[in-house]
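Written out below as structure tokens is the structure these notes cover.
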Amino acid sequence: MLGRILEWVDERTGIKEIHKTQMVDYKVPKNLTFPYVFGILALTTFALQIISGIILIMYYKPIIAHAFDSANYTIMREVDFGWLFRNIHAAGANFFLAIVYLHMFTGIYYNAYKKPRELVWIIGWVIYFVLLTTALTGYLLPWGQLSYWGTVVTTEIPASLADAPILKGFFGAIGETISYWMKGGYKLEDLALGRFFGLHVLFLPLVLLALVGIHLFLVRAAGISNPDGYEIDKKAEPEKVVPFHPYMTLKEGAYAMWYLAIFFFFVFFYMGHFLPADNFEPADPLKTPPHIAPEWYLLGFYEVFRSIPSKFWGFIAFNLILVLLLLLPFLDFSPVKSARRRPLFFIAFVIFLISSMALTVLGSMAPTPANAKLGMFFTFLVFLFFLSLPVISFLEWGWHKAKGGQV
């Protein structure tokens, strides 16, 4: 019976032919390393977020009078397994961004942003930016103390444009307008909560779904990069490639199972990392917590912003880092790919990685003068990485020509 149903479906969809061309006949390098699995892990987490989010919006009430109770009482205590779906969603947001960061750093290490994969990187960057926005809008929804005051600080950051050395009135008006629009007024109320809810549960997830689809299409179109940086001719070098199915599907499926085991271990036993106790206190606009900081995935940018004495230049600096990440394919134009074969790039990458981690740690610490100096130092190193790429590229072009054009 099942076989007849499958044949009936195949006659009308050609699903067997699609499976053959897209899974069996599609070849990938056989030497793909573990970091290449981060893409499928991110996709797995995204699916968990969509499923758990759909359950949560059935019971959440996006108005100030009921938001806190609906998130912390109705869902956590009255809805069957509501606590589980909220834990999955809260932990998933952190795991999702952690995997995306690992995926991005892997792409930088293996130079997966170079020709012919520039569009893969650009769309990936847009996914990262939209994902940060999605996390930011979702952070406010529980309407706890940390959620409220963290969002207050975030929405006030554009107002730092008023600290511009010139045209203060012009930049100040722009910053105030952005801040006013983000909050829907001069303070966070029902309008802001409704806007954030609408963006978080409808608009941004749909945008992410579309972008992820485009990203996957571009990966298929350009081909998966090689850890060694060599472009493989799949027809001339068949010994260096394997069919995506069953080799990669089984390999990535095994990694996904291990990942889910670790993920649900945290969901069941260590949710204090993702649902801090302070956020189980209702938001109080008249009671400011002693220490306010963004979530860990924004701490690096936050440290860049606050370590620079001028808030205007701090605002420009952390946004410029985002822009430089987007322009990475055009800053690094060396013909050589992969840090495995680029010693100068490898050193610059390690410094960049350490500096990014240091900024994240400093962002969680008290804003002392010593920490501010350290923040400026590591901010300088991050910018130095991007500025060094054209220099490294010119040097490697020279070595490339000296070798007769061989890479």
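Which members of segment 243-282 meet the condition of being in contact with a Pro (Cβ under 9 Å, 6 or more places away or on another chain) and either of a type in the set (A, V, I, L, M, F, W, C) or not assigned by TED's automatic domain parsing to the domain that holds VAL37 (or both)?
Answer for segment 243-282, where residues must be in contact with a Pro (Cβ under 9 Å, 6 or more places away or on another chain) and either of a type in the set (A, V, I, L, M, F, W, C) or not assigned by TED's automatic domain parsing to the domain that holds VAL37 (or both): LEU275, PHE280.
Under the condition of being surrounded by 15 or more Cβ atoms within 10 Å (Cβ to Cβ) and hydrophobic (A, V, I, L, M, F, W, C), which residue from segment 235-259 is farthest from ASN31 (Cα to Cα)?
Once the filter is applied, the top-ranked residue is ALA256.
For segment 291-328, give me the residue count where each residue is surrounded by 20 or more Cβ atoms within 10 Å (Cβ to Cβ), among the aliphatic types (A, V, I, L, M) and at pLDDT below 90.
Residues flagged as surrounded by 20 or more Cβ atoms within 10 Å (Cβ to Cβ), among the aliphatic types (A, V, I, L, M) and at pLDDT below 90 within segment 291-328 amount to 1.
Assigned to a helix (DSSP H, G or I) and surrounded by 12 or more Cβ atoms within 10 Å (Cβ to Cβ): which single residue out of ASP228, ASP278 fits that description?
ASP278
Check off (1) assigned to a helix (DSSP H, G or I); (2) under 23 Å from the mean Cα position of the chain (by Cα) for LEU32 and give me the number that stays unchecked.
(1)
Against the conditions (1) free of Cβ contacts under 8 Å to residues at least 40 places away in the same chain; (2) assigned to a helix (DSSP H, G or I); (3) of a type outside the set (Asp, Glu), where does TRP397 fall short? Just the number, please.
Single failed check for TRP397: (1).
Would you check if there is a residue in segment 35-56 being assigned to a loop (DSSP other than H, G, I, E, B) and on the phi < 0 side of the Ramachandran plot?
no
If I go through segment 1-16 residue by residue, how many of them are out of contact with any helix residue (DSSP H, G or I) (no Cβ under 7 Å at 6 or more places or on another chain) and either part of a helix (DSSP H, G or I) or over 21 Å from HIS245 (Cα atoms) (or both)?
Residues flagged as out of contact with any helix residue (DSSP H, G or I) (no Cβ under 7 Å at 6 or more places or on another chain) and either part of a helix (DSSP H, G or I) or over 21 Å from HIS245 (Cα atoms) (or both) within segment 1-16 amount to 11.
Could you tell me which residue of segment 79-103 is surrounded by the most Cβ atoms within 10 Å (Cβ to Cβ), considering only residues that are at negative phi and free of Cβ contacts under 8 Å to residues at least 12 places away in the same chain?
Across segment 79-103, the extreme among qualifying residues is TRP83.
Tell me the residue from ILE166, ILE157, ILE178 that is over 30 Å from TRP121 (Cα atoms) and either surrounded by fewer than 17 Cβ atoms within 10 Å (Cβ to Cβ) or at pLDDT 85 or above (or both), please.
Result: ILE166 is the single residue among ILE166, ILE157, ILE178 that is over 30 Å from TRP121 (Cα atoms) and either surrounded by fewer than 17 Cβ atoms within 10 Å (Cβ to Cβ) or at pLDDT 85 or above (or both).
The values are calculated or read from the model by the stated rules, or taken from the named source; none is laboratory data. Since we're looking at a predicted model, the values are computed, not measured. Using ideal geometry, Cβ is built from the backbone for each residue, glycine included, and neighbour counts are taken over all protein chains shown.
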